[in-house]
Amino acid sequence: MPDPNCQLCKAEHLTEWLYEDQTCWVAVCSTCNPDVIVVYRNHGTYVPEAPLAHMLSVARRLFGDKLLLDFTMRSIPEHFHFHVRHFNRDQIERCIREIGLPINIQEFKFRL
């Protein structure tokens, strides 16, 4: 059940979204920009095995096999999510090329 006070349950498009389906959504994290956040659609900290496997599969499909995943939920500890750290321009461009994501590469800020 969604929590009306939870920022992740509201799923507002505060930054560029890269993917969404019935299980999760993926966007540039508004706190950690340019890192990416993968968010479970159900409120709570428990994620059954199948949805978690799906979320990991989505992250691998979008960003490749060599991922640095951060499962520490600092700002919103009551809603399961994880971060893909050190997201870089090559990964964004590969997403656009291979998956055809409708994002504007110029809108991203990059760490050098």
Among the residues of segment 13-70, count how many are under 12 Å from H81 (Cβ atoms), outside any loop (DSSP other than H, G, I, E, B) and within 12 Å of the chain's Cα centre (by Cα). 13
Restricted to segment 1-18 and to residues being in contact (Cβ under 8 Å) with a residue 60 or more places away in the chain and among the acidic types (D, E), the residue surrounded by the most Cβ atoms within 10 Å (Cβ to Cβ) is E16
Restricted to segment 32-54, and to residues that are of a type in the set (D, E, K, R) and farther than 13 Å from C6 by Cα, which residue is surrounded by the most Cβ atoms within 10 Å (Cβ to Cβ)? D35
Show the residue pairs meeting these rules: Cβ distance below 9 Å; 6+ apart or different chains; first residue within segment 48-70 and aromatic (F, W, Y); second residue outside any helix (DSSP H, G or I) and modelled with pLDDT under 85. F63/F87
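The values are calculated or read from the model by the stated rules, or taken from the named source; none is laboratory data. Since the structure is predicted, the reported quantities are computational estimates derived from the model, not experimental observations. Cβ sites come from the backbone with ideal geometry, for glycine too, and all protein chains shown count toward neighbours.
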